[in-house]
């Protein structure tokens, strides 16, 4: 009975709270070896023209509302989220990774999110009580590397 309640609660969160923006990051095979994620709990942030340092940005690349968080989840599943905290709804208030706890954290409101084992679902704080999750994006292999998109 407890498992059923936990399982059914995972999908019941609002992951569309932040404004919708274009998302398109092409990462070619050579770039993936430097800027990609290769194992469980590895992560990389992409913020247009600034992060990661040295990444080659193309004219058609977009990073959503607050930037893109690319992570490697269970069984090497590639997952991507908008970094804007859905509680704060600001493109400059972003979640960061707490590597010790293995979660994403908003340092302003204190909300935490499961980005490695879940799908951006809220774990604590206002996000949990209000059921606000991180917006997720697609990560797909392409003929030349990987594409992160909406």
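The values are calculated or read from the model by the stated rules, or taken from the named source; none is laboratory data. Treat the numbers as computed from the prediction; the structure is a model and nothing was measured. Because the Cβ atoms are built from the backbone with ideal geometry, glycine has one as well, and the counts that use them run over all protein chains shown.
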Looking across the range 92-129 at residues that are in contact (Cβ under 8 Å) with a residue 40 or more places away in the chain and out of contact with any strand residue (DSSP E or B) (no Cβ under 8 Å at 6 or more places or on another chain), the single one that is nearest to residue 45 (Cα to Cα) is 99
Which of the residues belonging to the range 129-150 are crowded, with 21+ Cβ neighbours inside 10 Å and on the phi > 0 side of the Ramachandran plot? none
Among the residues of the range 4-15, is any over 21 Å from residue 91 (Cβ atoms) and modelled with pLDDT of 95 or more? no
Exception for residue 87 within (1) more than 19 Å from residue 148 (Cα to Cα); (2) surrounded by fewer than 20 Cβ atoms within 10 Å (Cβ to Cβ); (3) in contact (Cβ under 8 Å) with a residue 12 or more places away in the chain; (4) in contact with a strand residue (DSSP E or B) (Cβ under 8 Å, 6 or more places away or on another chain) falls at (2)
Step by step: first the residues of the range 95-128, then only those that are over 11 Å from the mean Cα position of the chain (by Cα) and surrounded by 22 or more Cβ atoms within 10 Å (Cβ to Cβ), then the one that is nearest to residue 17 (Cα to Cα). Which residue is that? 127
Residue pairs qualifying under the 8 Å Cβ cut-off, at least six apart or on distinct chains, with the first in the range 41-57 being on the phi > 0 side of the Ramachandran plot and modelled with pLDDT of 95 or more and the second being in a loop (DSSP other than H, G, I, E, B) and surrounded by fewer than 16 Cβ atoms within 10 Å (Cβ to Cβ), are 41/99; 41/102
If a residue has to be at positive phi and modelled with pLDDT under 95 to count, how many in the range 58-101 make the cut? 2
Sole exception among (1) in contact with a strand residue (DSSP E or B) (Cβ under 6 Å, 6 or more places away or on another chain); (2) surrounded by 17 or more Cβ atoms within 10 Å (Cβ to Cβ) for residue 29, by number: (2)
